[in-house]
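Peer 1: My questions will all concern the structure given below.
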Amino acid sequence: MSRKSERLVNLTIALLATKRYLTKSEIFRSIEGYEGNEESKERMFERDKDDLRTLGIEIEVGGLDPLFNDEAGYRIKPENYALDLGEISGTDIALLSLAAQAWNGAALDSGAHTALLKLKSMGIESDLAAIPTLAPRITLMNEELETVLQAIANQTHVVFEYFSVDLIAKRREIAPYAVGVRNGHWYFTGLDQEKKELRTFRMDRVASQIETAGKPNRFAVPDGFDLFENMDSEEPEKLAVLDIRKGKAATLRKVAHSIKDLGEWDRIEIAYGDTETFIDTVLWHLDDVVVKEPADIRGKVIDNLKELVRIHG
Amino acid sequence: MVKNKPTALAETERLLALVPFITANQGISVKELAAAFDVSPKQMVSDLTTLWMCGLPGYTALELMDLSFESGFVTIQNAETLQSPRTLNLEEQVALIMGLDLLSQSLPTDSALKQNIEILGQRLSKSSRITSKLRAISNIPASMRAEIETAIVRKHALDISYYSIYRDEISQRLVRPLELRVDENAEYLYAFCETAQDFRVFRLDRIQSCTSINKVSDEPPAMTDSAAAKQSFTVRFNSRLRLMRERFDAEEKSSNSDYSQDSFSSQWLIRSILASSGSAELVTPLDLREEICEKSQLMLDRYQSQ
């Protein structure tokens, strides 16, 4: 194994150090490890180029002079190889390191780890004293995340089965735009190819593997598209008036627009999005919360209570 | 972002990363270096031996990198060509961008660091092939987690205000924090609760606030996995099957439409059934089923009398 990695490292060094394109024959002559007849050297070199590209190293092909019957030449441009984060301070390094540490043990752990090594290789002392003591953390694993990220980057469609509200797995094909993690769930959003509308999916509701479909560069991701902004704008907010018992429903109080003291009870104004979710939340609080307005929500709560009595009676 | 890379490729990637790392950390021990790269010291020595043979064409003493590690401490000279770390790959970019987003929310709105984060985020996004925003939002403040982690290490007590969702109550408790654990996508603090004089588990997202009390707490008794009384129940789902299955954590079907599961709290069970608005029916236990019926009737009467 080490013979091959030694050759790949030497090839990288030579292609990086050269100021002009190196031809294949120059490479075979000067870089250690290319042995055998011409054909096997060629094969070896083709594989090495592919391997370096797999590692994300860009090899430029050029130096062809039309006047002469030249060979193609190769080089790696230092500006494509080296990390350039612009002017960067010890504070920035501390912030980036903390950002990487948030993934400890979670979905992007390996990328975060190698990123951290690169930050520690920049020769800039991390200035931890400049930032407050914080321990940000993302705890979620996800097996399908890599596929979705690559699909967004390559602009390829993804295909998967997704559980509908009624728990029926249905096939979806989307042009993926963005991923996000919020309060314990992974989400991704994309343009649904059948419905021709933006749809957001929760990763844990995907019923199959996520697979890419078709060629790259099939669509353009809107610049700066924000998944959660889009998700939250799907349900316009409406206002409701609730009576809540003193000392109860702390979670509702926290987001109340206004609170009025009624003695044993408080009257609050609160914004809600999805009607069903809102009614579920109201009923979770049992007899400590009563809906006053709007009338249609109040009516639905009454219907639901009747249904609860009917099925449990 | 190549998973399951063949050994030679993984090794090449590591060798290329080693050069700038050693350059920036001259004199680091082989042991520390191995730990930083998550390989055994034996593998690290093998890596360094390979690297020792690498350099510019010619491969004479003048062109080879000047790597020394026999003493157990590693230094490198004459490695200018490789001394810059490589550009970030997609996974690394995404990890940093999302990590920064999370970090930014943990800072006070007027923090000057927010601007640093914004600039860093922009630079990372500009070089990334993903043009949409990659967001990470958490309902657990990073400052609170840091406070708990520090208290665990220093064996300090914590004064926490905790929201019990089952009882719909906020209580003040003095606890001796023992451990943070992740279970089923949620984070928990395992602690000895001085108030209850017993071990308790607190969900981090329900801790409203916490203050470290600067005193070394006595060793609490050894933690026991107390077998809290579990109660089995059966539910039947009538509609909104996806939500109901998630809410009741029902994986296994016991019959056509009935699911059996265990619960620690009858409070939780009653509230969850009510909050399902008729989409779920509690089949057993019968006493709770009756209680749900009575409770619903009571609430219904109140609505209809007003």
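The values are calculated or read from the model by the stated rules, or taken from the named source; none is laboratory data. What you are looking at is a predicted structure, and each value in this text was computed from that prediction instead of being measured. Neighbour counts run over all protein chains shown; Cβ positions are idealised from the backbone, glycine included. Note: accessible area is taken over every heavy atom of the protein model, side chains too, but ligands, DNA and RNA are not part of it. Shrake-Rupley method; radii C 1.70, N 1.55, O 1.52, S 1.80 Å.
Peer 1: Return a yes/no flag: does the range A:178-194 have any residue that is over 13 Å from the mean Cα position of the chain (by Cα), within 26 Å of residue B:244 (Cβ to Cβ) and open to solvent by less than 60 Å² (accessible area, probe 1.4 Å).
Peer 2: Yes, the range A:178-194 contains at least one residue that is over 13 Å from the mean Cα position of the chain (by Cα), within 26 Å of residue B:244 (Cβ to Cβ) and open to solvent by less than 60 Å² (accessible area, probe 1.4 Å).
Peer 1: Evaluate the following for residue A:117: is it within 26 Å of residue B:39 (Cα to Cα), open to solvent by 10 Å² or more (accessible area, probe 1.4 Å), not in a loop (DSSP other than H, G, I, E, B) and not assigned by TED's automatic domain parsing to the domain that holds residue A:186?
Peer 2: Working: within 26 Å of residue B:39 (Cα to Cα): yes; open to solvent by 10 Å² or more (accessible area, probe 1.4 Å): yes; not in a loop (DSSP other than H, G, I, E, B): yes; not assigned by TED's automatic domain parsing to the domain that holds residue A:186: yes.
When the stated conditions are applied, residue A:117 passes them.
Peer 1: Looking at (1) of a type outside the set (Asp, Glu); (2) more than 9 Å from chain A (Cβ to nearest Cβ); (3) touching a helix residue (DSSP H, G or I) at 6+ places or on another chain (Cβ under 9 Å), can you tell me which one residue B:60 breaks?
Peer 2: (3)
Peer 1: Please state which of the following conditions residue B:170 fails to meet, knowing it meets all the rest: (1) free of Cβ contacts under 8 Å to residues at least 24 places away in the same chain; (2) open to solvent by 70 Å² or more (accessible area, probe 1.4 Å); (3) among the hydrophobic types (A, V, I, L, M, F, W, C).
Peer 2: Of everything listed in (1) free of Cβ contacts under 8 Å to residues at least 24 places away in the same chain; (2) open to solvent by 70 Å² or more (accessible area, probe 1.4 Å); (3) among the hydrophobic types (A, V, I, L, M, F, W, C), residue B:170 misses just condition (1).
Peer 1: Name every residue in the range B:179-195 that is surrounded by 16 or more Cβ atoms within 10 Å (Cβ to Cβ), within 12 Å of the chain's Cα centre (by Cα) and either in a loop (DSSP other than H, G, I, E, B) or in contact (Cβ under 8 Å) with a residue 40 or more places away in the chain (or both), in order of residue number.
Peer 2: Within the range B:179-195, just B:187 meets the criteria.
Peer 1: If I filter the range A:106-148 down to residues being of a type in the set (A, V, I, L, M, F, W, C) and touching an Asp or Glu at 6+ places or on another chain (Cβ under 7 Å), which single residue comes out as farthest from residue A:219 (Cα to Cα)?
Peer 2: A:135
Peer 1: Quick check on the range B:36-90: of everything there that is farther than 30 Å from residue A:179 by Cα and of a type in the set (Phe, Trp, Tyr), which residue is surrounded by the most Cβ atoms within 10 Å (Cβ to Cβ)?
Peer 2: Ranking the qualifying residues of the range B:36-90, first place goes to B:69.
Peer 1: Return the residues of the range A:17-68 that are touching a helix residue (DSSP H, G or I) at 6+ places or on another chain (Cβ under 6 Å), assigned to a helix (DSSP H, G or I) and more than 30 Å from residue B:91 (Cβ to Cβ); say none if nothing qualifies.
Peer 2: The answer is A:28, A:41.
Peer 1: Collect the residues in the range A:2-16 that are over 13 Å from residue B:54 (Cα atoms) and in contact with a helix residue (DSSP H, G or I) (Cβ under 7 Å, 6 or more places away or on another chain), keeping them in residue-number order.
Peer 2: Hit for the range A:2-16 is A:16, nothing else.
Peer 1: What is the number of the single condition among (1) facing another protein chain (nearest Cβ under 7 Å); (2) free of Cβ contacts under 8 Å to residues at least 12 places away in the same chain; (3) in a loop (DSSP other than H, G, I, E, B); (4) farther than 20 Å from residue B:82 by Cα that residue A:123 does not meet?
Peer 2: Going through the list (1) facing another protein chain (nearest Cβ under 7 Å); (2) free of Cβ contacts under 8 Å to residues at least 12 places away in the same chain; (3) in a loop (DSSP other than H, G, I, E, B); (4) farther than 20 Å from residue B:82 by Cα, residue A:123 breaks only (4).
Peer 1: Give me the pairs: first residue in the range B:112-126 and more than 9 Å from chain A (Cβ to nearest Cβ) and open to solvent by 50 Å² or more (accessible area, probe 1.4 Å), second residue of a type in the set (D, E, K, R) and part of a helix (DSSP H, G or I), beta-carbon distance under 7 Å, and six or more apart or on different chains, which are they?
Peer 2: Hits for this filter: zero, empty list.
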